[in-house]
Amino acid sequence: MNIVLLGPPGAGKGTQAKVLSKEYKIPHISTGDMLREAVKAGTEVGKLAKSYMDKGELVPDKVVVDITGERISQSDAKSGFLLDGFPRTDEQANELDLALDKTGKKIDIVLCFKTSPEVSIARLSGRRVCPKCGSNFHIENMPPKEKDLCDYCNGRLIQRNDDKYETVKRRLVVYENQTKSLIDYYQKKHILKEVSGNLEVNALFCEIKKLFVRERLA
Ligand code: AMP
């Protein structure tokens, strides 16, 4: 099953991707995670990406198309994949279709996460991440047991640069201007299904599982 998760930043795509990936045994492919890895490793791609990411802007299409194309061609993605945060522009969506066409694959379903800007802002600006093990926390909804320390590896929690209030607001504008048109793109292909990003993680997971059964995907 090839799945795309679409929706504004802070809609819960990443969290849901993790549980879906485990349930359906398909790799969770997050362009944001891959770019952050490249930044951490200090590669040329990472250096270029950082200058866009810190401002809440999109990294150039060519860069993300290349890393995603390479990732979905790996053997663990043969029987399916879950794309989180890609595509984000019309150009990326076209390139993805072309790449899948060449290998006789297609996207089976696009889950479009609906949520309000207020919810996105509250979720992202309160998010804290562990730079050591990648675990996520939230200062109000999911605080760590000990302030600023990771429950799992004791790493010191940080706020992502792009989770700062002003950058979050910019990311939401970028979503409206550059990504939202993809809803139309996938609606026309009859593969888009809306889900509520306001639901609690497990409740949404159950909804999505039922949806996959209804759509005869699982
Ligand atoms: P995310 O973790 O998905 O919110 O992504 C964090 C940041 O990485 C975004 O704000 C962009 O700067 C960059 N990024 C992630 N995915 C893409 C993409 N498909 N196209 C362009 N930039 C991206």
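The values are calculated or read from the model by the stated rules, or taken from the named source; none is laboratory data. The structure displayed is predicted, hence computed values, not measured ones. Ideal geometry is used to build each Cβ from the backbone, glycine not excepted, and the neighbour counts take in all protein chains shown. Keep in mind that these areas ignore ligands, DNA and RNA; they rest on the heavy atoms of the full protein, side chains included. Shrake-Rupley method; radii C 1.70, N 1.55, O 1.52, S 1.80 Å.
Quick grid of which residues meet (1) modelled with pLDDT of 95 or more; (2) basic (K, R):
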position	(1), (2)
T89	yes, no
D108	yes, no
K114	yes, yes
S135	no, no
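Is it fair to say C130 is within 16 Å of the ligand (Cβ to nearest atom) and open to solvent by less than 60 Å² (accessible area, probe 1.4 Å)?
Yes, satisfied.
How many of the residues in the range 46-55 are in a helix (DSSP H, G or I) and in contact (Cβ under 8 Å) with a residue 60 or more places away in the chain?
Matching residues across the range 46-55 total 1.
Between a first residue in the range 29-43 that is without any contact (Cβ under 8 Å) to a residue 40 or more places away in the chain and a second residue that is within 10 Å of the ligand (Cβ to nearest atom) and open to solvent by 60 Å² or more (accessible area, probe 1.4 Å), which pairs have beta carbons less than 6 Å apart while being 6 or more apart in sequence or on different chains?
Qualifying pairs under 6 Å: V39/K50.
From I183, I139, grab the single residue that is more than 22 Å from L5 (Cβ to Cβ) and of a type in the set (A, V, I, L, M).
The conditions single out I139.
One residue is enough: does the range 27-42 have a residue meeting the conditions more than 29 Å from M1 (Cβ to Cβ), of a type in the set (V, I, T) and part of a helix (DSSP H, G or I)?
For the range 27-42, residues more than 29 Å from M1 (Cβ to Cβ), of a type in the set (V, I, T) and part of a helix (DSSP H, G or I): present.
Just give me the residues in the range 56-66 being in a helix (DSSP H, G or I) and either within 11 Å of the ligand (Cβ to nearest atom) or in contact (Cβ under 8 Å) with a residue 24 or more places away in the chain (or both), in sequence order.
Result: D61, K62, V63, V64, V65.
Would a scan of the range 2-11 turn up a residue that is surrounded by fewer than 16 Cβ atoms within 10 Å (Cβ to Cβ) and either outside any helix (DSSP H, G or I) or of a type in the set (D, E, K, R) (or both)?
The answer is no; no qualifying residue exists.
I121 - would you say it is closer than 16 Å to R171 by Cα and either more than 9 Å from the ligand (Cβ to nearest atom) or modelled with pLDDT under 95 (or both)?
yes
How many residues are within 18 Å of A77 (Cβ to Cβ), of a type in the set (D, E, K, R) and more than 12 Å from the chain's Cα centre (by Cα) if we restrict to the range 1-49?
So the answer is 4.
I'd like the full set of residues that are among the aromatic types (F, W, Y) and either over 22 Å from V45 (Cα atoms) or without any contact (Cβ under 8 Å) to a residue 40 or more places away in the chain (or both), limited to the range 67-99.
Across the range 67-99, the qualifying residue is only F81.
Only one of I158, I107, I121 is open to solvent by 70 Å² or more (accessible area, probe 1.4 Å) and among the hydrophobic types (A, V, I, L, M, F, W, C). Can you tell me which?
I158 is the lone residue from the list that is open to solvent by 70 Å² or more (accessible area, probe 1.4 Å) and among the hydrophobic types (A, V, I, L, M, F, W, C).
Have a look at K145, K169 and point out the one that is more than 15 Å from the ligand (Cβ to nearest atom) and either out of contact with any helix residue (DSSP H, G or I) (no Cβ under 6 Å at 6 or more places or on another chain) or assigned to a helix (DSSP H, G or I) (or both).
K145 is the lone residue from the list that is more than 15 Å from the ligand (Cβ to nearest atom) and either out of contact with any helix residue (DSSP H, G or I) (no Cβ under 6 Å at 6 or more places or on another chain) or assigned to a helix (DSSP H, G or I) (or both).
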